[in-house]
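Enquirer: Handing you a structure now.
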Amino acid sequence: MSKRDTLWRERFGFAIAVALAMAAATIVVAAAYNLPIRDPDDAGGPTYIRLPAILLLAFLTDVVPRAIHRARKSGSLRAFGVQFGAVTRERWPPDHIRFALLGLGSWYLTYAAFRNLKSFVPVVNRGLHDNALARIDRWMFFGHDPAVLLHDLLGTDVAAHMLSFVYIAWIVLVPASLAAALVWSRSVSGGSWLVTGVGVDWALGAITYFLVPTVGPVFIHPDVFAGLSHTSVTTIQQSMADDRAAVLADPSATNAVQTIAAFASLHVGITVTICLIAYWLGLNRWFQRALWVFLALTVVATIYLGWHYATDCIGGAVLGFLGAWLAAIGTGNHVRGWPTHVRTSDAAVETTGAADGAAVREA
């Protein structure tokens, strides 16, 4: 086996192992409980069309702006076609195509397995621990419900819309981070670390869902959140409640996927993983600060809107740290077990693909 083949195996081997383990767990649980395995996002089109379309869009956002910039520098936009081909050859050599496909494949297999396992939770374990987590929350906040405290502090109108936007923005953050890691960056070590970290988060999240099944405050005590202004999140919550009811009524009679689970908060967990990896990679400090601010807003949003208990957020933070740490071990980004950015020794892989072919500092 060549040095380069060893490099790819070391960088994505752990992510692939996690993906295969998640897929195997999905198949075993589905067979044991006679449950169907669904495409978790079939509303957006079949996977074999949707995934290539997403990758094509990411590819175009990587190549087209550079080709336009070069064409303008040459003084003629007619040169766009020539520059498009040149940028494609420089930015997308076979090594990087392989990197992106391995990362995307492991990422999506883990994600699809996670979504199915999450859907299986109320069938496998019908008990709910919401009351216990609510009691812990009230104990931490001296007898008060943290969601009610936030409603009283922030109000129930403008804040509801602003925090709904934050929650929806998180949904965009995950695929954007994937594109940054696999398409826009040329850092094998950093990109594989991030992709693996999110995959580990999903695996750990699935485990916590089965061990501590919960649905979250808004589904247990909807009256507490009835006074909030109607937002996009309100619509999402109602849709998720309908899907859960359909799955519990007859999993085989619906194409819906059950997506309600509170402990631990993966909104918090995945954001913590991204923040920590950005710190350990030494990314721009202002960018790091923006991520930590977004994390704080995400914590407030998930409690305010009723998705999670404060306890879920604490559990999510622990999960996020474990995801980043285990991914560091799995991708070789550590020194004696502590996360540290370890650049690959094969410098030819981690280049910008720019015209001069010079290696750049990994970000």
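The values are calculated or read from the model by the stated rules, or taken from the named source; none is laboratory data. All values reported here derive from a predicted model rather than from experimental measurement. Using ideal geometry, Cβ is built from the backbone for each residue, glycine included, and neighbour counts are taken over all protein chains shown. Just so you know, the surface numbers come from the protein's heavy atoms only, side chains and all, with ligands and any DNA or RNA stripped out. Shrake-Rupley method; radii C 1.70, N 1.55, O 1.52, S 1.80 Å.
Enquirer: Using a 1.4 angstrom probe and counting only protein chains, how large is the accessible area of Trp280 in Å², to 10?
Expert: Only protein atoms counted, so the area is about 40 Å².
Enquirer: Expressed as an acute angle from 0 to 90° and rounded to the nearest 10, what is the orientation of the C-alpha long axis of helix 285-304 relative to the principal long axis of the chain?
Expert: Here the helix axis deviates by roughly 20 degrees.
Enquirer: Taking a probe of 1.4 Å, how large is the accessible area per residue of region 185-296, in Å²?
Expert: For region 185-296, the per-residue accessible area is 38 Å².
Enquirer: For region 85-176, just say rounded, prolate or oblate: build the C-alpha gyration tensor, square-root its eigenvalues into a ≥ b ≥ c, call rounded for a/c under 1.5, and beyond that prolate if a/b exceeds b/c, oblate if not.
Expert: The shape class here is oblate.
Enquirer: Got a number for carbon plus sulfur as a percent of the chain's accessible area, 1.4 Å probe?
Expert: That share works out to 67 percent.
Enquirer: Going highest first, how would you order 253-261, 119-127 by mean Cβ packing within 10 Å?
Expert: Highest to lowest by the protection proxy: 253-261, 119-127.
Enquirer: Compute the length gained on full extension between His161 and Asn34: take 0.36 nm times their separation in residues and subtract their Cα-Cα distance, giving the result in nm to one decimal.
Expert: 41.6 nm
Enquirer: Which FRET efficiency value, to the nearest 0.05, do you get for Tyr279 and Leu128 by plugging their Cβ-Cβ distance into 1/(1 + (r/R0)^6) with R0 = 30 Å?
Expert: With a Förster radius of 30 Å, E is 0.25.
Enquirer: Can you tell me the FRET efficiency between Trp286 and Leu20 if r is taken as the Cβ-Cβ distance and R0 is 41 Å, rounded to the nearest 0.05?
Expert: Calculated value: 0.60.
Enquirer: Based only on Cα atoms, what mean projected area does the convex hull of the chain have, in nm²?
Expert: The number I arrive at for the chain is 20.8 nm².
Enquirer: A further question follows. Take the chain, connect every pair of alpha-carbon atoms lying under 10 Å apart with a spring to form a Gaussian network, then pick out the residue of Phe80, Phe219, Phe99 with the largest mean-square fluctuation.
Expert: Of Phe80, Phe219, Phe99, the most mobile in the Gaussian network model is Phe80.
Enquirer: If you don't mind, there's one more thing I want to ask. If r is the Cβ-Cβ distance from Ile136 to Ile207 and R0 is 30 Å, what FRET efficiency results, to the nearest 0.05?
Expert: E between Ile136 and Ile207, to the nearest 0.05, is 0.95.
Enquirer: Going by Cα centres, region 256-308 and region 108-151 are how many Å apart?
Expert: A separation of 16 Å, based on Cα centres.
Enquirer: Using Cα-only point scatterers and the Debye equation, what is log10 of I(q)/I(0) for region 248-316 at each q in 0.16, 0.21 Å⁻¹, rounded to two decimals?
Expert: Listed by q, the Debye log ratios stand at -0.63, -0.84.
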